[in-house]
Amino acid sequence: MKLAFIGIGQVGAALAGNLAALGHSVTIAARDPSSKTVTEALAKYPALAVAATEDAIAAAEVIFLATPFAAVSAALANGDAFAGKVLVDCTNPVGPGLTHGLDSKRSGSEAVQSLVPQARVVKAFTIYGFENFEDSAYPGYGDLKPAMLIAGDDAEAKQVVATLCQDLGWEPVDTGPLSMSLHLEHMTLLWIKMARVQGGGAGFVWARLQR
């Protein structure tokens, strides 16, 4: 599958590198190919390609948005380029004191969708830190896989993203429409507070047990 990444920091690089290792064609959408983040990502994951932002978006079947939330508007400025594309929203609006950056009035993913109304936005790859995107393996639990909660309004787009989750070793859990992203963003804040603030460490994830 042809994938493009807008934003190639710790989260974007981890996802992009592992997807490239699985045989997907992964391109970094770069305004500056010589930037520090692009250079570091290529050094760590040499299978990644780089292209101008417009070219990477045009060629991709699925686009990952992995910028800081403050950069979302600029990253999606050319909204028509995303028409019909599956756009995986990996961003989180984080406010002062690890509060929700949009005051919990609506999700960041709904804000993203409003910027690119013709895209098929799916919230995914948010509820953990980058360490778990670098390595999703939690051995010793039999067939139980770590859960990746996703949300979106387009069923076909969610199935595409669910398949990518499975490729990366996650159990995709469809939480419902895109409005459910607000709760996933609060789960991200919960994880950050437990892992980073309270000192629990990054080595834990959620899982689903089902009868």
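Computed from the coordinates by the stated procedures, all read-outs in this text should not be read as laboratory data. All values derive from a computational prediction rather than experimental measurement. Glycine gets a Cβ as well: all are built from the backbone with ideal geometry, and neighbour counts include every protein chain shown.
Relative to the current alpha-carbon distance between Ala43 and Asp103, full extension at 0.36 nm per residue lengthens the span by 17.8 nm. Among 131-138, 111-118, sorting by the average number of other beta carbon atoms lying within 10 angstrom of each residue, highest first, gives 111-118, 131-138.
Shown in residue order for region 202-211 are the 3J(HN,Hα) couplings computed by the Karplus curve 6.51 cos²θ - 1.76 cosθ + 1.60 at θ = phi - 60°: 7, x, 8, 9, 8, 9, 10, 9, 9, 7 Hz (x for Gly and Pro). Do you know the relative contact order of the chain, to the nearest whole percent, from alpha carbon pairs under 8 angstrom that are 6+ apart? It comes to 18 percent, rounded to a whole number. With N the number of residues in the chain, Rg(Cα) / (2.2 N^0.38 Å) evaluates to 0.96. Secondary structure note: in region 2-197, about 15% of the DSSP beta bridges are antiparallel. Size descriptors for region 109-211: radius of gyration and Dmax over Cα atoms are 14.1, 43 Å. Here r is the Cβ-Cβ distance between Leu144 and His186 and R0 is 41 Å; the resulting FRET efficiency, rounded to 0.05, is 0.95. Taking a ≥ b ≥ c as the square roots of the eigenvalues of the Cα gyration tensor, an a/c ratio of 1.5 or more together with a/b no larger than b/c marks region 166-211 as oblate. The listed peptides 58-68, 92-102, 195-205, ordered by packing as a protection proxy, come out as 58-68, 92-102, 195-205 (highest mean of other Cβ atoms within 10 Å first). Dividing the helix sum by the residues of the chain, where each DSSP H run of 4 or more adds -39500 (n - 2.57), gives a mean residue ellipticity at 222 nm of -9500 deg cm²/dmol. For region 3-21 versus region 99-139, the inter-centroid distance based on Cα atoms is 15 Å. Full extension of the chain between Phe204 and Asn78 gives 41.6 nm of extra length, using 0.36 nm per residue less the Cα-Cα distance. Protection proxy ranking, highest mean first, for peptides 50-56, 78-84: 50-56, 78-84, where packing is the per-residue count of other beta-carbon atoms within 10 Å, averaged. Candidate cross-link partners of Lys105 among the lysines, defined by an alpha-carbon separation under 29 Å and a same-chain spacing of 8 or more, comprise Lys85, Lys123, Lys158, Lys193.
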